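Heads up: the structure comes next, in structure tokens.
Derivation of every value follows stated rules applied to the coordinates shown; laboratory data play no part. Given the structure is predicted, the values throughout are model-derived calculations rather than measurements. Virtual Cβ from ideal backbone geometry, glycine too; neighbours counted across all protein chains shown.
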Amino acid sequence: MIVLRYNAMRLLLPVLALVLIFGNASVAQNAPGQCPVGGYTITACPVISDSVIRDKIVSRLSGSVASARYPVTVSVCDGIVTLTGTVKSAGQRDFASVFAAGVPGVIAVYNHLKIDPAVVDDLFLMGQVRKAFNKSSVDSKRISVQVSQRVVQLTGVVTTEIDREQATQIAASVPGVAAVYNNLTVNGPSGSPF
């Protein structure tokens, strides 16, 4: 009988120690839907409130990343920031994370910002027009290509009027291009306009 009690105590002692150590630790559960972090909060010393963090982030983002055309929604729960909305570029999306992470009290940033599909299409078209120029006989080293809402604008200098017309045809032949504005000037190889 004594052996049984000794073995039982030997097995129960570590379990009892764990219960004593971790038994008083508590995690408070928020009301459902209040916090996007799995519904749990760690009760720590809150230094900066979520509303103060949110206001500072909104202030940093307005004008640089967020605008009337590209609004950004900022949610903060226990120092964890969630950014949602649409921005103009990948650079702005990355800057939003950096701006938010730099605010005191921020623990983590979840960036769910999306890039405006129209801008992505314009960047894709610009690359396709550049690629078409590289495959052609037109010297495109001094041609600048800009695309906005599928409209291509060509600026710069070409050596002949034929190159100028071919540049328009090349840009217009790229699938997805709606229009081409050719603002190229003709300047001969010697620098003279003849």
| field | Rounded if a/c under 1.5, otherwise prolate or oblate - region 76-128, Cα gyration tensor axes | value | prolate
| request: Assign one of three labels to region 119-186, namely rounded, prolate or oblate, based on the Cα gyration tensor with a ≥ b ≥ c the square roots of its eigenvalues; rounded applies when a/c is under 1.5, prolate when it is not and a/b is larger than b/c, and oblate otherwise. | output: prolate
| message | Along the Cα→Cβ direction, 7 angstrom out, place labels at residue 95 and residue 112. What is the inter-label distance in nm? | response | 2.4 nm
| Over region 48-115, what is the percentage of antiparallel beta bridges among all DSSP beta bridges, to the nearest 5? | 40 percent
| Roughly how many nanometres apart are two label points built 7 Å out from the Cα toward the Cβ at residue 135 and residue 59? | 5.3 nm
| task | State the extension gain, in nm to one decimal, for the chain segment bounded by residue 123 and residue 51, taking 0.36 nm per residue of separation less the distance between their alpha-carbons. | result | 22.2 nm
| note | Between residue 173 and residue 73, the two model label points (7 Å from Cα along the beta-carbon direction) sit apart by a distance in nm of 4.6 nm
| query | Based on the alpha-carbon gyration tensor of region 48-115 and its eigenvalue square roots a ≥ b ≥ c, which shape applies: rounded if a/c is under 1.5, prolate if not and a/b is larger than b/c, or oblate? | reply | prolate
